[in-house]
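Heads up, the thing below is written out as structure tokens.
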Amino acid sequence: MVSFFEQNRQLILQAFWVHLLLVVVSVAIAVIIGVPIGVWANRNRRAGQVAVRVAGIIMTIPSVAVYGILIPVLALVGYGIGKAPAIVALILYCQLPLIQNTQAGLGAVDESVKQAGRGMGMTSRQLFWQVEVPLALPVILAGVRTAMVLSVGIAAIGAYIGAGGLGQFIFQGISELYQAEVMTGAVALVILALLLDAAFGLAQRQLVPKGASRG
């Protein structure tokens, strides 16, 4: 494995950055979609049940099957293979932890705290941004962290449809029965997941208000 890395260091580093970009872009878009859905789900219990159920169903579908569904659909607009279907698939898979954690975080805010805010003359908007969001932030960020680490593994399957990334070494190694290549890809994926988790954990400590639980 060491010799394979030394011989293909440049290719591995390029694949590492491609994989990182896939994950970061996908999770960023997923947050823009999933967190508002989680807020809506917290306000509307029936809608929340439906949203969580749909996101849960998506999580049970094998990623290869999701790619198989997305390829002909995105091909209609010229993005049938490559990074586009991989990013869309990752966005879909990220929704469950984002929706669930946002809903749970906001739902856990004590009603007496909200009543105190109303008693101080806060509007609904002020109450949401100044009270509910700061208190729910640790749980919401934990959902983002989970989605990010989850995406590292799922993005590896994207190599199967030409998205690039570290998964290409695993697939190529399997097809050539070259275990060193497979192990290199797998170890690189683990390292990337650990680095992202550590980096997000550091960011989480900076973002969470002092005195709030970090989940």
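The values are calculated or read from the model by the stated rules, or taken from the named source; none is laboratory data. As the structure is a prediction and not an experimental result, all values here were calculated from the model. Cβ sites come from the backbone with ideal geometry, for glycine too, and all protein chains shown count toward neighbours. We work out accessible area using only protein heavy atoms, side chains counted, and drop any ligands, DNA or RNA first. Shrake-Rupley method; radii C 1.70, N 1.55, O 1.52, S 1.80 Å.
For ILE37, indicate whether it is over 14 Å from the mean Cα position of the chain (by Cα), at pLDDT 90 or above, assigned to a helix (DSSP H, G or I) and surrounded by fewer than 17 Cβ atoms within 10 Å (Cβ to Cβ).
no
Would you kindly identify the helices (runs of 4 or more DSSP H) lying entirely within segment 106-215 that contain at least 2 residues that are touching a residue at least 40 places away in the same chain (Cβ under 8 Å) and either among the basic types (Lys, Arg) or within 23 Å of VAL64 (Cα to Cα) (or both)?
Hits in segment 106-215: 133-157, 167-175, 179-207.
Okay, residues lined up against (1) touching a Phe, Trp or Tyr at 6+ places or on another chain (Cβ under 6 Å); (2) within 30 Å of GLU176 (Cα to Cα); (3) among the aliphatic types (A, V, I, L, M); (4) open to solvent by 50 Å² or more (accessible area, probe 1.4 Å):
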| position | (1), (2), (3), (4) |
| --- | --- |
| SER3 | no, yes, no, yes |
| ILE58 | no, no, yes, no |
| ILE61 | no, yes, yes, yes |
| VAL64 | no, yes, yes, yes |
| TYR67 | no, yes, no, no |
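Within segment 55-75, can you find the residues that are of a type outside the set (Phe, Trp, Tyr) and either touching a residue at least 40 places away in the same chain (Cβ under 8 Å) or closer than 15 Å to ASN101 by Cα (or both)?
ALA55, GLY56, SER63, VAL64, ILE71
Quick check on segment 144-167. Is at least one of its residues open to solvent by less than 20 Å² (accessible area, probe 1.4 Å) and within 17 Å of MET1 (Cα to Cα)?
yes
So, LEU21, is that one among the hydrophobic types (A, V, I, L, M, F, W, C) and open to solvent by 20 Å² or more (accessible area, probe 1.4 Å) or not?
Criteria met by LEU21.
Can you find a residue that is among the β-branched types (Val, Ile, Thr), open to solvent by less than 30 Å² (accessible area, probe 1.4 Å) and modelled with pLDDT of 95 or more anywhere in segment 78-91?
yes
Identify the single condition in (1) at pLDDT below 90; (2) open to solvent by 40 Å² or more (accessible area, probe 1.4 Å) that ALA28 does not satisfy, given that it satisfies every other one.
Tallying (1) at pLDDT below 90; (2) open to solvent by 40 Å² or more (accessible area, probe 1.4 Å), ALA28 fails exactly one: (1).
Could you tell me which numbered condition GLN204 fails, if it satisfies all but one of (1) modelled with pLDDT of 90 or more; (2) open to solvent by less than 50 Å² (accessible area, probe 1.4 Å)?
The single condition GLN204 does not satisfy is (1).
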